[in-house]
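Reviewing the structure listed below.
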Amino acid sequence: MSARPKGISKSRIAIYAAIAGNVAIAVTKFVAAAVTGSSAMLSEAIHSVIDTGNGLLILLGVRKSRKPPDSDHPFGHGHELYFWTLIVGVLIFAVGGGMSVYEGIMHILHPTLPENAVWSYSVLGVAAVFEGTTWFLGWKAFNAERGRKGVIETIHETKDPTSFTVLLEDSAALLGLVFAFLGVFFASQLRLPALDGAASVMIGLLLCGVAVLMVYESKGLLVGEGLDRHTLDSIYELVEADPAVERVRHVHSMYLGPDEVLLTIELRFDSNISAVEVRRAVWRLKEVIQSQHPDVSRIFFGAESFGDDDDLSLGHDGSTSFSARNSREISHAKAQRRKESA
């Protein structure tokens, strides 16, 4: 696991590009829909407006997720990004998909043949250029995250939803343009206006499918996902290899944000070492873990027992600490020694 500043930067560039492109595309699509009366073109215009709003919401999530920790949020605001990504998915489903399906069904029930089809073809061509450009930028950002993994695997495993959100929206937009073109073309050529409405329904169903995938992935991130098994095994081996550690019981983790991980380690130190040596071991473990896994920003140790021959005073810098159970064990050991000396 490694830090991903470049990937995050590329994702933000892709979001800005998508917002700018969608604003221009939405205006041209609404004009074309008004001139031609095409249901599919209106659905595409609605789609572009939703995509513009979604881009703004993602940027809002990015900004809020970078707020520093406070008394009410001691682990920061990283999950803000996951929350707003979830909202984006809901909006795509309810507003984008729902309105497109509704508009398509109304057009099927009350068909009207599209007029001035050349307008629609021209706007779709311009929209394809804009969407293709933003898709390319989104793909570059996604590729920076993907590496050698598959597309579906990366969408499922990534902890930075900005990368796959832009890519999914732009992919749906490009496919939606194909549906709109086919709807207008066949409705005009075959004189069957219901085909234009059918294209609008297909665009709506496409948006609903993308929304379901986004909501599913965002839900997992919001609930709390941990490090992958390979990374956990690596951390387990690093801790177990330390000479002060007798055994490791559990290693748990949770993503607090795209590049911020909370790690808890339950272990047993060698009962023959002093409290000072335990403290040194803690800092040693912290340094070696964070050197190989820089996304691990907070580490908490829960030790089963300590030697009773030394006191233990622990510093806490917000990154490393012992659990309350350790303090109770130390206090118990002190009380036992006082009782014996009395």
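The values are calculated or read from the model by the stated rules, or taken from the named source; none is laboratory data. Please read these numbers as outputs of a predicted model, since none were measured by experiment. Cβ coordinates were reconstructed from backbone atoms using ideal geometry, including for glycine residues, and neighbour counts include every protein chain displayed.
Structural remarks
- The number of residues in the range 214-238 that are touching a residue at least 24 places away in the same chain (Cβ under 8 Å), out of contact with any Phe, Trp or Tyr (no Cβ under 9 Å at 6 or more places or on another chain) and of a type in the set (A, V, I, L, M) comes to 2.
- Flag if Ala303 is small (Gly, Ala, Ser) and at pLDDT 90 or above: no
- Applying a threshold of 8 Å to beta carbon distances and a minimum spacing of six or more residues, or different chains, the list of pairs starting in the range 117-132 at a residue that is among the β-branched types (Val, Ile, Thr) and ending at one that is part of a helix (DSSP H, G or I) reads Val123/Thr28; Val123/Lys29; Val123/Val31; Val123/Ala32; Val123/Met41; Val126/Ile25; Val126/Thr28.
- The range 258-306, residues that are of a type in the set (Ser, Thr, Tyr) and either buried (at least 19 other Cβ atoms within 10 Å of the Cβ) or under 28 Å from Arg66 (Cα atoms) (or both): Thr264, Ser291, Ser297
- Where Thr112 falls short, out of the listed (1) closer than 21 Å to Leu205 by Cβ; (2) in a loop (DSSP other than H, G, I, E, B): (1)
- Of the residues making up the range 251-276, those that are among the small types (Gly, Ala, Ser) and part of a loop (DSSP other than H, G, I, E, B) number 2.
- Considering Gly96, Gly104, the condition of being assigned by TED's automatic domain parsing to the domain that holds Tyr216, under 19 Å from Phe164 (Cβ atoms) and crowded, with 19+ Cβ neighbours inside 10 Å is satisfied by Gly96 alone.
- All positions within the range 239-250 that are among the aliphatic types (A, V, I, L, M) and either without any contact (Cβ under 8 Å) to a residue 12 or more places away in the chain or closer than 11 Å to Val296 by Cβ (or both): Ala241
- Annotation: of all residues in the range 153-179 being acidic (Asp, Glu) and in contact with a Ser or Thr (Cβ under 8 Å, 6 or more places away or on another chain), the one that is surrounded by the most Cβ atoms within 10 Å (Cβ to Cβ) is Asp170.
- Among the candidates Gly224, Gly220, Gly209, the residue that is out of contact with any Ser or Thr (no Cβ under 9 Å at 6 or more places or on another chain), on the phi > 0 side of the Ramachandran plot and of a type in the set (Gly, Ala, Ser) is uniquely Gly224.
- Filter pass, Phe93 being out of contact with any Asp or Glu (no Cβ under 7 Å at 6 or more places or on another chain), of a type outside the set (A, V, I, L, M) and in contact (Cβ under 8 Å) with a residue 12 or more places away in the chain: yes
- Exclusive hit being in the same structural domain as Asn143 (by TED's automatic domain parsing) and over 24 Å from Ala144 (Cα atoms), set Phe164, Phe179: Phe179
- Helices (runs of 4 or more DSSP H) fully within the range 142-225 counting 3 or more residues that are of a type in the set (Val, Ile, Thr) and more than 30 Å from Trp119 (Cβ to Cβ): 151-157, 194-223
- In the range 40-51, the condition of being touching an Asp or Glu at 6+ places or on another chain (Cβ under 6 Å), farther than 25 Å from Lys219 by Cα, of a type in the set (S, T, N, Q) and crowded, with 17+ Cβ neighbours inside 10 Å is met by at least one residue.
- Leu113 being modelled with pLDDT of 90 or more and surrounded by fewer than 20 Cβ atoms within 10 Å (Cβ to Cβ): no
- Any hit, the range 134-152, residues being among the hydroxyl-bearing types (Ser, Thr, Tyr), surrounded by fewer than 21 Cβ atoms within 10 Å (Cβ to Cβ) and either within 19 Å of Leu86 (Cβ to Cβ) or in contact (Cβ under 8 Å) with a residue 24 or more places away in the chain (or both): no
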